[in-house]
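The block underneath contains the structure these notes are about, expressed in structure tokens.
The values are calculated or read from the model by the stated rules, or taken from the named source; none is laboratory data. The structure displayed is predicted, hence computed values, not measured ones. Using ideal geometry, Cβ is built from the backbone for each residue, glycine included, and neighbour counts are taken over all protein chains shown.
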Amino acid sequence: MMKHIVITALALLLCFNAFSQNTTHLDLWGIPIAGNITDFSKQLVQKGFKQVDYSYDPSESSIIYKGKFPGDSIGSLWEGDTIIVTATYFNDNKRVYKVAQAIAFSSKSECDKYLMKQKAMYEERYKGKTEWNGLLQALEIKNKGVIYLDIKDIKNRNIAIIGIEDLQP
């Protein structure tokens, strides 16, 4: 009887370990999307971003940040390397569940190239768990979330928009 209890306990530990390795949340430059807004803000500020605006709704709020693109150059940008990041979180538990980044490129081809590079990166990261939804222009990641990829032409600027929505509780 004791042997069965030990085997069952070991099996449960192995299952829990496998499950916990598969519950990584989506991230933006290594910052977890599903974290607390205070922690998310601190990490984004450490990367050189500044809070520039705030919006409040009874169920959720958003903070808008402005900063330079972290990492390698990403092409010919309209306004240097300046990008806008919006983090949306639930008011009750302060958990970030959606992040969007907007980057203005000087040409549509540079914008397309950046979005395709981002799509390929997420497909590689979540290999075997992604499905492209052409209608939504979104990469759906099973049991994780959705990554929206879009281009907007605003006043002759090609804006690459990447929205990351975490679907995990």
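Is there any pair with a first residue in the stretch 81-98 that is within 15 Å of TYR56 (Cα to Cα) and of a type in the set (Val, Ile, Thr) and a second that is at pLDDT 90 or above and part of a strand (DSSP E or B) whose Cβ atoms are under 6 Å apart and which are 6 or more apart or on different chains, and what are they?
What qualifies is THR86/SER62; THR86/ILE64; THR86/ALA100; THR88/GLU60; THR88/SER62; THR88/LYS98; VAL96/ALA87; VAL96/TYR89.
Taking the stretch 104-135 only, how many residues are assigned to a helix (DSSP H, G or I), surrounded by 17 or more Cβ atoms within 10 Å (Cβ to Cβ) and of a type in the set (A, V, I, L, M, F, W, C)?
Here the count works out to 2.
From the list THR82, THR8, THR86, THR24, which one is of a type in the set (Ser, Thr, Tyr) and either touching a Phe, Trp or Tyr at 6+ places or on another chain (Cβ under 6 Å) or at pLDDT 90 or above (or both)?
THR86
For the stretch 136-157, enumerate the residues that are without any contact (Cβ under 8 Å) to a residue 60 or more places away in the chain, surrounded by 14 or more Cβ atoms within 10 Å (Cβ to Cβ) and either in a loop (DSSP other than H, G, I, E, B) or not aliphatic (A, V, I, L, M) (or both).
If the condition is that a residue be without any contact (Cβ under 8 Å) to a residue 60 or more places away in the chain, surrounded by 14 or more Cβ atoms within 10 Å (Cβ to Cβ) and either in a loop (DSSP other than H, G, I, E, B) or not aliphatic (A, V, I, L, M) (or both), then GLN137, GLU140, TYR148, ASP150 are the ones that fit.
Given (1) closer than 17 Å to TRP29 by Cβ; (2) touching a strand residue (DSSP E or B) at 6+ places or on another chain (Cβ under 7 Å); (3) without any contact (Cβ under 8 Å) to a residue 24 or more places away in the chain, identify the lone condition not met by TYR114.
In the conditions (1) closer than 17 Å to TRP29 by Cβ; (2) touching a strand residue (DSSP E or B) at 6+ places or on another chain (Cβ under 7 Å); (3) without any contact (Cβ under 8 Å) to a residue 24 or more places away in the chain, TYR114 misses (3) alone.
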